[in-house]
């Protein structure tokens, strides 16, 4: 009987057919784009799709890149265990999208960069660029390992397939079409995978609504179970989720993902015009909110079904991240092929993120490490180097999935990784973009000081998780289960790998209940703020106020906020630099343009 615990069905033949067909279709789209553009193997084509992408596919790719298997598995479990406070992230998405589109996109698009970390060398120096690239590479490899691990949990729960077998298969599929096709293959594959992900959520919600007697019943159960108590205005920074931690910390965390992360920057600068790039980010905002809402509704549906029998407490699953896969087999196994669609959805999200990460890692490695040293590479040598690096990074990400299995909840672990490493980097970019006083010494000291701080609190929080009173898990019960089991009784195939838990240390240091208990959402905010404050202080002390005049295009401009022209002429003239770059005067009268395009170009030539 549904919702009463115990072992559930496993994959049928049709589930395997649907799953395999969905993945083959996604990979096929990527390979088609690869062979379609096989004659265009320049770096601009491989990394940026020839800078000819349009807003809609880029927007869907932006959404799919970080709405991965982590979202499919982790967000519904979050709603089930902690309620709907995570829904407030929708406000954070709006704030992040507006700031990214109006401040960061015009800057990167104007500079025509391939690697987001080129800016750090332009604004500061090469050492800071190398450190920034290394931090991004480390963060991305760790995060990608976590993303590969998430659907492996689902397949292990539903099919009994070996975890490492799934991990390796995921990496191989991504490596194939990412290696051959570059960014264009990745983006168009993301479009199909985004559709599959949303279909998986809809299937769970629709079936749950039928079983429970409608969405209104699900909502009533969620209210009775305190799952709708979203707004907690307690200013305590140690509480896991409050309104303030999500708005402040969440906005900064997601800004560090979408504003400066190479995977995302690479997408919006691949657009054919600045208008397409900005539009892509705003459409992505809508996609994020829709995906978040469907994921949260899936979690509330799961609570409605299991309100009297928690599968985790009953021992039916070994990890809370297996709750949604368990639900799928419990309520959808009678519909052959639907469980296969759900797993394909989780798997598709992973493929999109892994392929994006691999392509971005290759881009920063080539642009930041190899090309400055080997300046005379032929196109053929560059092509083979790109493909070889794709294979190498794919293998490395697969290996990091083993580390990810020790990080606990996939959703919180993913955001913690970005907080520890992207927070200081975001602070460095804002320091350079907003303050002319900032110099290389201040930027380096501020970033390193902030990095030590975020790693200290982030790693400490992983080793010594905050007490239950700060995490605020909501109550669950097993009173309605058929039986209360001490150990997991779900049938696991003899060749499968058991899911592991994070080992909790018995002795807690004095900082465990204070500093280490800081909400994981504030880690990125802390890193960003400390980089700016320390960077400005050190810059002033070391002569930042007296440094030579800097190029104006390296800073945020007032016209960036209003220059939103969709004229094709804007692309043709966007490479015009300021007079100081050419050491000559620019005759503005020769530009015969009208409307916002003319204003944009004239403003762009001002010192």
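FYI, it's all coordinate maths here, none of it is from the lab. Please read all numbers here as calculations on a predicted model, not as lab measurements. FYI the Cβ positions are ideal-geometry reconstructions off the backbone, even for glycines, and counts take in every protein chain you see.
At-a-glance table
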| item | result |
| --- | --- |
| Added length on full extension, which subtracts the Cα-Cα distance from 0.36 nm per residue, residue 236 to residue 206 | 7.0 nm |
| Rel. contact order, % - alpha carbon contacts under 8 angstrom, at least six apart, the range 270-388 | 10 |
| 19 Å reach of a label modelled at residue 555, 7 Å along Cα-to-Cβ, counting backbone N of the range 422-441 | 427-441 |
| Gyration tensor verdict on the range 212-290 (Cα atoms; rounded if a/c is under 1.5, prolate if a/b is larger than b/c, oblate otherwise) | oblate |
| Proxy reagent accessibility, fewest Cβ within 10 Å first, across 86, 418 | 86, 418 |
| Sorted by Cβ density within 10 Å, fewest first, the residues 19, 369 | 369, 19 |
| Protection proxy ranking of 283-295, 518-530 - average other beta-carbon atoms within 10 Å, highest first | 518-530, 283-295 |
| Least to most buried among 374, 271, 481 (fewest other Cβ within 10 Å first) | 374, 481, 271 |
